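For reference, the structure discussed in these notes is given below.
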Ligand code: APR
């Protein structure tokens with residue numbers, strides 16, 4: 001059975017990583033247009049760097065939770081038949097042991113050079129404008145896909161959605177596209193779909209099944225069902 005799993009901020013919430021749109025979410029404290037658009041970076045790069053430097057430093061202090069670990073366990077058994085597409089820019093999936101991961105919105109621990117387009121693994125601040133390790137120009141920006149920009153690896157994602165037998169969305173509100181439409185693409189290819197979310201999302205109605213609860217409980221239980229051949 002070929003499975004595509006889409007994850008959002010909700011899967012990292014129990015690790016202590018804030019979501020975007022919940023009561024204490026990131027977009028409560030920051031205006032999207034101030035920190036998550038190319039225009040914001042042109043206008044006030046130091047504000048944008050401060051926002052992402054703080055998030056990059058913060059993920060060093062958190063750890064994967066049972067939901068991340070369960071998906072890594074599923075990959076051990078399914079191998080190439082599983083693909084995890086994450087909207088998250090933290091590295092908790094990888095630290096849990098997952099390797100078949102697509103970061104469609106980029107990664108906090110990566111820097112993108114605006115001069116030569118090189119992506120470089122990066123764990124330090126960018127707010128002191130370090131030079132690009134490849135071209136030497138100090139034009140590094142957070143390697144995050146901002147509003148109005150095209151997500152990474154969309155061809156690979158659509159191919160996997162079309163071939164999927166089962167599509168599962170975990171911890172995402174279903175308000176940001178194109179990710180919010182993946183359930184429909186997968187259904188178009190004949191896949192069954194399951195939503196695992198704390199509360200019903202904006203697109204719950206598009207799923208064959210929707211389960212409500214914390215990912216740390218729902219995901220290990222769902223993985224057990226898959227591995228027991230009950231799904
Ligand atoms: N377990 C499961 N789901 C949870 C949990 C939890 N412990 N905590 C919160 N959730 C759910 C919320 O109910 C909400 O539906 O996770 C979802 C988080 O939604 P958002 O904060 O909107 O995050 P996400 O869907 O990942 O945002 C998508 O928007 O801001 C942009 O680029 C950013 O990748 C992000 C995209």
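For region 39-54, does any single residue satisfy the condition of being in a loop (DSSP other than H, G, I, E, B) and closer than 17 Å to residue 143 by Cα?
Yes: region 39-54 contains one or more residues that are in a loop (DSSP other than H, G, I, E, B) and closer than 17 Å to residue 143 by Cα.
Yes or no: region 59-74 includes at least one residue that is over 19 Å from the mean Cα position of the chain (by Cα) and part of a helix (DSSP H, G or I).
no
Identify all residues within region 76-102 that are surrounded by 23 or more Cβ atoms within 10 Å (Cβ to Cβ) and part of a helix (DSSP H, G or I); write none if there are none.
93
Collect the residues in region 157-179 that are in contact with a strand residue (DSSP E or B) (Cβ under 9 Å, 6 or more places away or on another chain) and within 16 Å of the ligand (Cβ to nearest atom), keeping them in residue-number order.
Across region 157-179, the qualifying residues are 157, 167, 168, 169, 170, 171, 172, 173, 174, 179.
Looking at region 122-129, is at least one residue exposed (fewer than 14 other Cβ atoms within 10 Å of the Cβ), more than 30 Å from residue 222 (Cα to Cα) and touching a strand residue (DSSP E or B) at 6+ places or on another chain (Cβ under 6 Å)?
Yes - at least one qualifying residue is present in region 122-129.
Would you check which residues across region 204-222 are near the ligand (Cβ under 10 Å from one of its atoms), part of a helix (DSSP H, G or I) and either surrounded by fewer than 21 Cβ atoms within 10 Å (Cβ to Cβ) or modelled with pLDDT under 95 (or both) and list them?
Selection gives 204, 216, 217.
Looking at 63, 23, which is the one that is surrounded by fewer than 14 Cβ atoms within 10 Å (Cβ to Cβ) and farther than 30 Å from residue 228 by Cβ?
Being surrounded by fewer than 14 Cβ atoms within 10 Å (Cβ to Cβ) and farther than 30 Å from residue 228 by Cβ holds for just one of 63, 23, which is 23.
Among the listed residues 230, 225, which satisfies the condition of being at pLDDT below 95, under 22 Å from residue 69 (Cα atoms) and surrounded by fewer than 19 Cβ atoms within 10 Å (Cβ to Cβ)?
230
What are the residue pairs meeting all of these: first residue in region 23-37, first residue assigned to a helix (DSSP H, G or I), second residue more than 10 Å from the ligand (Cβ to nearest atom), Cβ atoms under 7 Å, and 6 or more apart or on different chains?
These pairs meet every condition: 33/40; 34/40; 34/47; 35/47; 35/48; 35/51.
Would you list the strands (runs of 3 or more DSSP E) that sit entirely within region 137-203 and hold 1 or more residues that are touching a helix residue (DSSP H, G or I) at 6+ places or on another chain (Cβ under 9 Å), surrounded by 14 or more Cβ atoms within 10 Å (Cβ to Cβ) and free of Cβ contacts under 8 Å to residues at least 40 places away in the same chain?
192-197
Scan region 103-153 for residues that are within 12 Å of the ligand (Cβ to nearest atom) and at positive phi and jot them down.
106, 148
Quick one: is residue 16 assigned to a loop (DSSP other than H, G, I, E, B), within 13 Å of the ligand (Cβ to nearest atom), over 14 Å from the mean Cα position of the chain (by Cα) and at pLDDT 95 or above?
Judged against the criteria, residue 16 is a match.
The values are calculated or read from the model by the stated rules, or taken from the named source; none is laboratory data. Values in this document were obtained by computation on a predicted structure and should not be read as measured data. Counting neighbours? That spans all protein chains shown, and the Cβs are built from the backbone with ideal geometry, glycine included.
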